[in-house]
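None of the figures in this text is laboratory data; all of them are computed from the coordinates on show. Treat the numbers as computed from the prediction; the structure is a model and nothing was measured. In this analysis, Cβ positions are derived from the backbone assuming ideal geometry, glycine residues included, and neighbour counts consider all displayed protein chains.
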Amino acid sequence: MIETPVLIAGAGPVGLVLAQELRSHGVRCMIVERNLDTTRWPKMDITNCRSMELLRRLGLDEPLRRIGVPANFSFDVIFSGGLAGREISRWSLPSVETWRRMIRERNDGSMPQEPYQRLSQEIFEAWLKRRCEEDPLIEVRSGWRFDALTQDDAGVTARVEDTTTGETREIRCRYLVGCDGASSSVRKAIGATADGRVVPRLSRLVHFKSRDLKALHAHGQFWHIFFPTATIISQDEVDTWTVQRYHPAEQDLSAVPSEQIVVESLGREIAIDRVLVTSTWQGQLRLASAYRSGRVFLAGDSAHQNIPTGGYGMNTGVGDAVDIGWKLAAVLNGWGGPGLLDSYESERRPVARRNVDRSERHTSIHVAWRGKVRPELVNAAGPEADAHRAALAAIVQDGRGENEDHGIELGYRYNGSPIVIADSGAEPAWTPRHYTPTTWPGGRPPSLYLEDGSALFDRFGPDLTLLEFGGGSRAAGLLAAAGRRGIPLRHVTIAEPAARELYERDLVLIRPDQHVAWRGNAGPADPERVLDTVTGRSAPAAR
């Protein structure tokens, strides 16, 4: 029998990030993936600001940017009547270069540490899988399909099949995480359901190569262009593009040539070098009824599915991977208690619920403006046509938020978590659009560059970090208690008054995932109780 501390079913982005999180804490794992190769479909095309912050902790941010769209290109989103027609409206979204300048210049805690990054899942997945295959702590088995599991008080036994030989194997692990997608076999094996609904429309995807920039850039350089019945995505600013053609579920476009789909979607002829892949897919809005059964957990699309608008799918999954990853590592490394694992669903499921709902809200804006398009006016000249386009633009601009909702992306808080010690008093304001800089327990603290130019986030340790502002000996009790408990706790002192004002308390305890666990202006009267709570030792269950 094969043995591993953690078995990950699925080598998509979420399973691969989970493996990287575990290895960053020195924990071995195995990934089994039913496919021999990584995806050929583009799928997600943005890694958002929060995901980039989390990947920076793992040293993955700059390598990822080197294979992504270069930093000087904008993220502009255009609404158009067609490439041979009129531009209706535009969301001007800044480039990575511009974001970096804004972050440094503002430096007030309201901004992310990292800008977002354009990159298709096709490239992301292949790159990260290679890194995992080269890591001695990660064993990757491609062509191994998860089939079934049994579990007991000590661990999980998974049955997998080698799809190339038909041979069946058993893998014994302490914990199993299902990152095996929307049709998750792990989810079915634990008896959880994917509750929600299917979106009525279908999408015909055509992923293709073209260097016809004169035609494609009729409205200028872009990231997305939304047309009345389709979308085009610029994948690399060189020659790779994806068209999504929307149509009713009862309409069958499978026999329509891919080149015709592209031309009809764009509203003009373009030179297509070759079609890479094509498929028909249907969006889903679903949430798993449970994220855990005993020693088995769900993450990524196995736990939640949403419409791509807003880019919440993979990015929510990255948050899942980091959350369950550091908690499993803490338990396996001996300093985390069972309450850490109990907290996973209570923390991550509400985030997924909100993100699924938000993706539906963003989609409603597209449905609204497209539903108002009058084909005879959208590209016409004259006052009536101008008024029509202005009305469409108002719908688009009034509904902004897609890829700009930093309250959703950065501001989620783990309120009610059993491993967060809440403050008394009123919680700071929260809106979907804006991130409120605060160290309210359960939330992400503000990112700040210090006077020496270093990033405060970069001073956080791989495990727990105790920030102490202004010096003194207020941290002594917690540091001594951590030593007695065998809890890895990095002590970081910050003397800058501006940082103290932004962080709101003299002592702030930060978790491995950059969320606040506790804060105060003096050391706690019972430091052992604080540490036992935030490390999950207070909860009764076996490790």
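Distance from the C-alpha centroid of the stretch 224-262 to that of the stretch 120-170: 33 Å, rounded to the whole angstrom. Put simply, the convex hull of the Cα atoms in the stretch 370-423 casts, on average, a shadow of 6.1 nm².
Reducing the stretch 489-542 and the stretch 414-483 to their Cα centroids gives an inter-centroid distance of 7 Å. Note on the chain: antiparallel DSSP beta bridges, both residues inside, total approximately 70 percent of the bridges counted. Residues of the stretch 224-240 falling in the label zone of D273, defined by backbone nitrogen less than 16 Å from a point 7 Å along Cα to beta-carbon, are 234-240. Ignoring lysines fewer than eight residues from K372 along the same chain, the ones with Cα atoms less than 30 angstrom from its Cα are K43, K214. Fewest-first ordering of H434, H406, H25 by other beta carbons within 10 Å of each residue's beta carbon gives H434, H25, H406. 3J(HN,Hα) along the stretch 226-234, derived from phi through the Karplus expression 6.51 cos²θ - 1.76 cosθ + 1.60 where θ = phi - 60°, amounts to 9, 9, x, 10, 7, 9, 10, 10, 7 Hz, with x in place of Gly and Pro.
By definition, a body whose alpha carbon gyration tensor gives a ≥ b ≥ c is oblate when a/c is 1.5 or more and a/b is not larger than b/c, and the stretch 413-534 fits this oblate description.
Provide K188, K327 in ascending order of the number of other Cβ atoms located within 10 Å of each residue's Cβ, fewest first.
Details: K188 15, K327 29.
Ordered by Cβ neighbours within 10 Å, fewest first: K188, K327.
Toward the positive end of the charge dipole of the chain, with +1 on the Cβ of Lys and Arg and -1 on the Cβ of Asp and Glu, the farthest Cα among N403, G300, L213 is that of G300. The dipole here belongs to the chain: it is taken about the Cα centre, uses +1 on the Cβ of Lys and Arg and -1 on the Cβ of Asp and Glu, and is about 460 debye. Ordered by the count of other Cβ atoms within 10 Å of each Cβ, fewest first, I487, I8 give I487, I8. A simple spin-label model places pseudo-atoms 7 Å from Cα toward Cβ; at A381 and R104 they are separated by 4.7 nm. Efficiency by 1/(1 + (r/R0)^6): what FRET value for Q221 and A148, r their Cβ-Cβ distance, R0 = 60 Å, to the nearest 0.05? Rounded to the nearest 0.05, the efficiency is 0.75.
Of the residues A499, A517, P437, the one whose Cα sits farthest toward the positive end of the charge dipole of the stretch 413-534, with +1 on the Cβ of Lys and Arg and -1 on the Cβ of Asp and Glu, is A517.
For the stretch 1-76 and the stretch 381-403, what is the separation of their Cα centres, given in Å? If we compute the Cα centre of each part, the gap is 38 Å. Each of the peptides 373-380, 220-227 was scored by the mean count of other Cβ atoms within 10 Å over its residues; in descending order, highest first, they stand as 220-227, 373-380.
Taking only the alpha carbons of the chain, we obtain Rg and Dmax values of 24.3, 78 Å in that order. Projected onto planes of every orientation and averaged, the convex hull of the alpha-carbon atoms in the stretch 340-488 covers 14.4 nm². Using Cα atoms only, what is the angle between the long axis of helix 121-133 and the major principal axis of the chain, expressed in degrees (0 to 90) to the nearest 10? The answer is roughly 30 degrees. Loop-located trypsin sites (Lys or Arg not before Pro) across the stretch 403-467 with a Cβ neighbour count of 14 or fewer within 10 Å are R433, with loop assigned by DSSP. Between T316, S254, W335, the Cα set farthest toward the positive side of the dipole of the chain (charges on each charged residue's Cβ, about the Cα centre) is that of W335.
Taking the C-alpha atoms only, the angle from helix 476-485 to the longest principal axis of the chain is near 90 degrees.
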